[in-house]
Amino acid sequence: MAILKIARAGHPVLKRRADPVKNPKAPEIRQLIADMLETLADANGAGLAAPQVHVPLRVVIFHVPEARAKEADGEAAEGQPLTILINPEIEPLSDARESGLEACLSVPGLAGLVPRYSHIRYRGVDHEGRPIEREAKGFHARVVQHECDHLDGILYPMRMEDLSTLGFTSELGHERVEES
Ligand code: NI
């Protein structure tokens, strides 16, 4: 395992569309996921997409800490365990969107308000090739949309509708925003 270098905004790997994974159980994919897990833990982030570690493949990992879910969506919200999602697809389940604060390991130090679908379904396979299909709301849905955007060359500032909300977390008073 290894902690990988994280690409920052401006690097070409973050601008291109990532390629589908042909064999989720291939040894090189297993190694990639192991390294991504170690890199995410080291960065203390909520999620990570393979292009962020310079690999243009459709692989994301993420988790939602229970405390973060409750902070964003109220006491009824639940966390999500660490999830490995390969070749993901997202389907909005309503047109409703909500704005929330996001930060990104590839845009370090900054945060801004981003509108996202508040209720989605996502599908993909895990590292054993088993299908995953879940509905997600609130912060959980936000993290998945943020990570999957990385697979299509999109960084969260490109989704912002009010750039006046973009700022350094240390100035915004939001030091606890997890990057992803
Ligand atoms: Ni990100």
Problem - Hey, ARG134 open to solvent by 50 Å² or more (accessible area, probe 1.4 Å), more than 19 Å from ILE33 (Cα to Cα) and in contact with a Phe, Trp or Tyr (Cβ under 9 Å, 6 or more places away or on another chain) or not - result: yes
Fill in the blank from the handout: Note on segment 1-47: residues outside any helix (DSSP H, G or I), open to solvent by less than 60 Å² (accessible area, probe 1.4 Å) and within 16 Å of HIS127 (Cβ to Cβ) are VAL21, PRO24, ALA26, GLY47
Problem - Those residues of segment 75-97 which are closer than 24 Å to LEU166 by Cα and open to solvent by less than 80 Å² (accessible area, probe 1.4 Å), in sequence order - result: ALA96
Practice task
Mind listing whichever residues of segment 150-180 are without any contact (Cβ under 8 Å) to a residue 12 or more places away in the chain, under 20 Å from ALA49 (Cβ atoms) and either touching a Phe, Trp or Tyr at 6+ places or on another chain (Cβ under 9 Å) or more than 11 Å from the ligand (Cβ to nearest atom) (or both)?
Solution key: MET158
Handout entry: Any chance GLU71 is acidic (Asp, Glu) and either within 16 Å of the ligand (Cβ to nearest atom) or part of a strand (DSSP E or B) (or both)
Key = no
Practice task
May I ask you to say which residue of HIS140, HIS127 is away from the ligand (no atom under 13 Å from the Cβ), assigned to a loop (DSSP other than H, G, I, E, B), open to solvent by less than 70 Å² (accessible area, probe 1.4 Å) and in contact with a strand residue (DSSP E or B) (Cβ under 7 Å, 6 or more places away or on another chain)?
Solution key: HIS127
Handout entry: Matching residues in segment 114-173 - criterion: being among the hydroxyl-bearing types (Ser, Thr, Tyr) and over 23 Å from HIS63 (Cβ atoms)
Key = SER164, THR165, SER170
Fill in the blank from the handout: Of those in segment 98-118 that are open to solvent by 30 Å² or more (accessible area, probe 1.4 Å) and among the hydroxyl-bearing types (Ser, Thr, Tyr), the residue nearest to ARG17 (Cα to Cα) is TYR117
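The values are calculated or read from the model by the stated rules, or taken from the named source; none is laboratory data. Keep in mind that what you see is a predicted model, and the values were worked out from it rather than measured. Virtual Cβ from ideal backbone geometry, glycine too; neighbours counted across all protein chains shown. Please note that ligands, DNA and RNA were not included when accessible areas were found on the heavy atoms of the full protein model with its side chains. Shrake-Rupley method; radii C 1.70, N 1.55, O 1.52, S 1.80 Å.
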